[in-house]
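Have a look at the structure below, then the notes.
The values are calculated or read from the model by the stated rules, or taken from the named source; none is laboratory data. All values reported here derive from a predicted model rather than from experimental measurement. Cβ: placed from backbone, ideal geometry, glycine included. Neighbour counts: every protein chain shown. Note: areas computed on protein heavy atoms with side chains; ligands, DNA, RNA excluded. Shrake-Rupley method; radii C 1.70, N 1.55, O 1.52, S 1.80 Å.
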Amino acid sequence: MRHVLMAMSVATTLFVPTLAAAETVAISCGTVGKEFELCKQGAEAWAKKNGHEIKLVSGSTDASEQLTVMQQQLAAGSTDVDIYRVDIVWPGILGNHFIDLKPYIPEDVVKQHFPAIVQNNTVDGKLVAMPWFTDAGVLYYRKDLLEKHGQKVPTTWQELTTVAKAVQDAERKAGNAKMVGYVFEAKAAETLTCNALEWIDSFGGGSIIGEDGKVTIDNPKAVEALKTAASWINTISPAGVLNYEEEGARGVFQSGNAVFMRNWPYAWALANAPDSPVKGKVAVVALPKGGADGKSTGTLGGWQLAVSKYSKHPAIAADLVKYLTSAEEQKRRAILGSFNPTIVSLYKDKEVLEANPFFGTLLDTFTNAVARPAKVTGSKYSRVSAEFRNAVHAVLSGRGKPEQKLKELSQKLGRMNRQGKW
């Protein structure tokens, strides 16, 4: 109750920036799909309205590399970037470097967003980042090819393996030598952590580390999940997936040379763009279950906007964050780029659902996605994720058996924490 009262009192004394003097605000924008262009459009619209200038900053598509650069900049107290684009697993790592946004954004506005994401972005009582868009892994498939070859949409990973192989082989026999069954993101980067967590959780193998801080990854269900995934390489998936990030997988699928693809919702708008070879031929469903006793699960993703405490113009930067995360801007981005809103009411918006039909049918996938163990591991999450994805990558590339690699991983992670305390 004390926190609620404090929040209410702060909300009544909002800091409203004086926008008379023109300033330049630097914001980091993502570069996957349409994200950079939509970020640019939104920021420039705000700048035109308020008489300021925008400096756009872009970086690597690899989230791990982005985090490293960000940590270096913030540790140095750099003023080069005012607004950072923050992955959902970073607030606990970087929160000390960001201002509290509560004094700048009304409480009723904050409450429009998914409560779980707001809670995720609240560190030591401070709202260190505003939700911008949410994400969960989903399965894309060529509905025309499944219909052509008399196949049903798979509901388990085992069914996907069988259907992908059947359609792939039939298409190759018919003359498309480039056709593959399934593409996904298996580069040894954060994107593989997301993919592998989906496999393991869908089989009932947990989420690497439990909420109590105990390491749970060394279990038979996790082993079974990785064995299944490893069986795809060079059968239904090309060896190239071992170096694919999101855009690598999308490139193959959108060119018309894959039956199935795991990716984030952003790929929908691009797959259905006027110049896309697969326009009108694609559908989206929840990711498969790990067998009849498993569950369908997607890893929770998404990005936030945070204001550096080293910014020379924190109030102005916070005003831009407020604008970019607003219902109007999130609706625009959802319609033009398939970026999932973090504002609950937009999932009932007619225009949003018309542009992204699966937003409504997969709302449970987005709201109940499996979280990476960032909250429990705190500042050690980056190391945990790196150890996890490296172990998985070794299994996928044939450099170790699942049983061996998961046992070694469990031991490494066990040494990182002390009696469940990270």
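Remarks
- Put simply, of Ala116, Ala129, Ala174, Ala166 the only residue that is among the small types (Gly, Ala, Ser) and open to solvent by less than 40 Å² (accessible area, probe 1.4 Å) is Ala129.
Yes/no matrix, rows are residues, columns are (1) open to solvent by 10 Å² or more (accessible area, probe 1.4 Å); (2) at pLDDT 95 or above; (3) within 13 Å of Leu197 (Cβ to Cβ):
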position	(1), (2), (3)
Lys375	yes, no, no
Ser379	yes, no, no
Ala386	yes, yes, no
Arg389	yes, yes, yes
Val392	no, yes, yes
Gly400	yes, yes, no
Lys407	yes, yes, no
Leu413	no, yes, no
Trp422	yes, no, no
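- A residue that is open to solvent by less than 20 Å² (accessible area, probe 1.4 Å) and under 28 Å from Glu224 (Cα atoms) can be found somewhere in the range 356-366.
- With respect to the conditions (1) at pLDDT 95 or above; (2) open to solvent by 10 Å² or more (accessible area, probe 1.4 Å); (3) among the β-branched types (Val, Ile, Thr); (4) within 22 Å of the chain's Cα centre (by Cα), Ile343 lacks only one, and its number is (2).
- Of the residues in the range 235-254, at least one is modelled with pLDDT of 95 or more, open to solvent by less than 10 Å² (accessible area, probe 1.4 Å) and more than 20 Å from Ala394 (Cα to Cα).
- Residue count for the range 310-330, restricted to those that are among the β-branched types (Val, Ile, Thr) and either open to solvent by less than 10 Å² (accessible area, probe 1.4 Å) or in a loop (DSSP other than H, G, I, E, B) (or both): 2
- Single residue of the range 73-101 satisfying the filter (among the polar types (S, T, N, Q) and in a helix (DSSP H, G or I)) that is most open to solvent (accessible area, probe 1.4 Å): Asn96
- Verdict on Ala273 being open to solvent by 10 Å² or more (accessible area, probe 1.4 Å) and either more than 23 Å from Trp132 (Cβ to Cβ) or in contact with a Ser or Thr (Cβ under 8 Å, 6 or more places away or on another chain) (or both): no
- Selection from the range 228-249 of residues that are free of Cβ contacts under 8 Å to residues at least 60 places away in the same chain, polar (S, T, N, Q) and in a loop (DSSP other than H, G, I, E, B): Asn234
Table: residues versus (1) within 23 Å of the chain's Cα centre (by Cα); (2) not in a loop (DSSP other than H, G, I, E, B).
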position: Gly204; (1), (2): yes, no
position: Leu226; (1), (2): yes, yes
position: Met261; (1), (2): yes, yes
position: Val278; (1), (2): no, no
position: Ala283; (1), (2): yes, yes
position: Leu287; (1), (2): yes, no
position: Ala292; (1), (2): no, no
position: Lys295; (1), (2): yes, no
position: Gly302; (1), (2): yes, yes
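- Residue within the range 183-201 that is more than 21 Å from Trp264 (Cα to Cα) and in contact (Cβ under 8 Å) with a residue 12 or more places away in the chain present: no
- Consider the range 102-113 and keep the residues that are touching a residue at least 24 places away in the same chain (Cβ under 8 Å) and either part of a loop (DSSP other than H, G, I, E, B) or touching a Phe, Trp or Tyr at 6+ places or on another chain (Cβ under 8 Å) (or both). The one that is least open to solvent (accessible area, probe 1.4 Å) is Ile105.
- Criterion (out of contact with any strand residue (DSSP E or B) (no Cβ under 6 Å at 6 or more places or on another chain), at pLDDT below 95 and not hydrophobic (A, V, I, L, M, F, W, C)) met by exactly one of Gln119, Gln158: Gln119
- Subset of the range 132-182 [among the basic types (Lys, Arg), under 27 Å from Phe203 (Cα atoms) and touching a residue at least 24 places away in the same chain (Cβ under 8 Å)]: Arg142, Lys143, Lys165
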